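Presented below is the structure to which this report refers.
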Amino acid sequence: MEKRGDHAVVLGASMGGLLAARVLADFYDRVTVVERDRLSADPVDRRGVPQSRLIHAVQARGIQILDELFPGFVDELTAMGVESWEGDLSTLHFAFGGHQTVRSGRAPNLPVILCPSRPVLEWNVRRRVKAITNVVFLEGRDVVGLTATPGRDRVTGAWVTDRASDRKRTLRADLVVDATGRGSRTPVFLEELGYGRPPEDELVGHFACACQLLRIAPGTIEEHLIALSPEPGRPKMFAMRGYEKDTWMVGVGTMAGLEQPSGGADMLRFAADFVPARVLEAIRTAERLGDVVLHHRVPSNRWRRYDKMRRRPDGLLVVGDAVCSFNPIYGRGMTVAAIEATVLRDCLRRGDRSLTRRFFRLSARKVRVAWQTAVGPDLTLPEVVGPRPISMRITNAYLGRVMTVTETDPVVAGQFMRVTSMVDSPIRLLRPSILLRVLQSKRRRRTEAQPVDEGLAGTLVAGCKEVVPQSGRMPAEVAATRGELQRAQSMRWSTQRERSSRNHGHPLKSVTTR
């Protein structure tokens, strides 16, 4: 590939930093990865990634990208004992917003879904990046500032300090990429250069969790994954997934400031009212591998909007949690970092002119999808405080209908999982074939038909706080959703009639509703 410069510097050997380094190695003569920690030669937890000791998931789209950037990656993980889920719905206990997906049959057209532990996943990525001849790692270094041209219109490198000797040096670079995580100091560095800090979008959810790594005998747990997300009136979650070598990670979490468990026994008491008793018994009798990891807190979903800055220097990019960090319940972080790596690759293929502007603009489009699919579910919880615009209420009302259908329909469940695993855009849930299944379903979400106060004839509608009177009138946003569904169904029937009249039997073409 055509080179774009001599030297690129990546700040942080996080997943986002490693994947950025992999891409940059194709376009720069040298790539230097600066990391605060001393990196182990084995797949173990490290201090700079405290969340690695918590339950983790890389979505199917992330696995696809990893196998694209590192050919044979999936085979290597499988050889290490990492298990995969291939669509058998009987081995998946997945409840989203109070809706449990169907527990029989197979979900069609699902991509490869692997379940590596975070240390194993990151170690394998780091090993592959270290094998690239023009990539070097500087370990045990702190980043203390950015260097810039005299006019401060372009970043030219970074100041780094050796943690052992306290020596400070400058790393000159044609491009600097910040992948130092949620605690990134780039906003401070930009302020020092006279640019100010980027604006932020934030939804405070006060998430906290406790996790325990276990070894459980094969066959004790019939599921491959158990994930019970919070629902209105119960801002608690439970997740349990199998890793390599018969190890399992169990996590319980709270939102909206609810007090979290304080230890192993407390974790079981905490989950007793919504987790199957047989699962709790398996946890109780399992071999514990290490202590319970307590008090990991993420106060908010936060998106630093570098794409909205009026002025920004060239030669500086920001990726991963340093840009956007999510409620970890939804497992978005590593996959978004992988998607950003593909955006960086595509931008560099088109040259380095206006690279900073183009990257932030294009990556924001990808981040926006992940942001909406994380913030939207959080805002279905009345315990979470935040704005609920009509557009979001319409979306959540329709998603409530979709999730009701996933309780019985493997096809809709499979499409929903392709969306949650970030393989497909959420707009795919509006395809006529899915819309028709949603419309034809006679089951209704339990909370959609709850009776309200005596003396007030009406029901509560999922996704909005208003009461739908029995007179048949309903809030405008729900009526709009119904209208959209009816129009889409009418479009499908009209197309089918037209095809039938022509009598040539061509398959119905998919229509995307926007």
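Remarks
- Put simply, when 386-396, 96-106 are sorted by average Cβ atoms within 10 angstrom per residue, most first, you get 96-106, 386-396.
- Packing-based ranking of 303-316, 161-174 yields 303-316, 161-174, ordered from highest to lowest mean Cβ neighbour count within 10 Å.
- Calculated FRET value between LEU436 and THR220, using beta carbons and R₀ = 45 Å, to 0.05: 0.65
- Nearest-0.05 FRET efficiency for ARG428 and ARG388, computed from C-beta distance (R0 22 Å): 0.40
- In order through the range 370-385: 3J(HN,Hα) via Karplus (6.51 cos²θ - 1.76 cosθ + 1.60), integer Hz, x for Gly, Pro: 5, 4, 5, 7, 9, 6, x, x, 4, 7, 6, 8, x, 6, 8, 8
- The calculated FRET efficiency for ARG38 paired with THR149, based on their beta-carbon distance and R0 = 25 Å, is about 0.15.
- Multiplying the residue separation of ASP246 and GLU191 by 0.36 nm and removing their Cα-Cα distance gives an extension gain of 14.9 nm.
- With only Cα atoms counted, the range 3-63 has Rg and Dmax values of 13.7, 39 Å.
- Relative to the longest principal axis of the Cα atoms of the chain, helix 410-420 runs at roughly 30 degrees.
- Over the chain: helical MRE at 222 nm, DSSP H runs n ≥ 4 each giving -39500 (n - 2.57), nearest 500: -10500 deg cm²/dmol
- Amide N of the range 84-113 lying under 18 Å from the label point, which is placed 7 angstrom from the Cα of ASP75 along Cα→Cβ: 84, 112-113
- Of the options (i) 66, 57, 41; (ii) 69, 53, 52; (iii) 74, 59, 50, only one is Cα extents along the principal axes in Å as computed from these coordinates, and that is (iii).
- Gain upon complete extension [ARG311, LEU362; 0.36 nm per residue less C-alpha separation]: 16.7 nm
- Most tightly packed first, judged by the mean number of other beta-carbon atoms within 10 Å of their residues, the peptides 62-69, 366-373 read 62-69, 366-373.
- Projected label distance in nm at GLU259 and ARG278, using a 7 Å step from Cα toward the beta-carbon: 3.3 nm
Throughout, read-outs are computed from the coordinates displayed, never taken from laboratory work. Source: prediction; values computed, not measured. All Cβ positions, glycine included, derive from the backbone under ideal geometry; neighbour counts span all protein chains shown.
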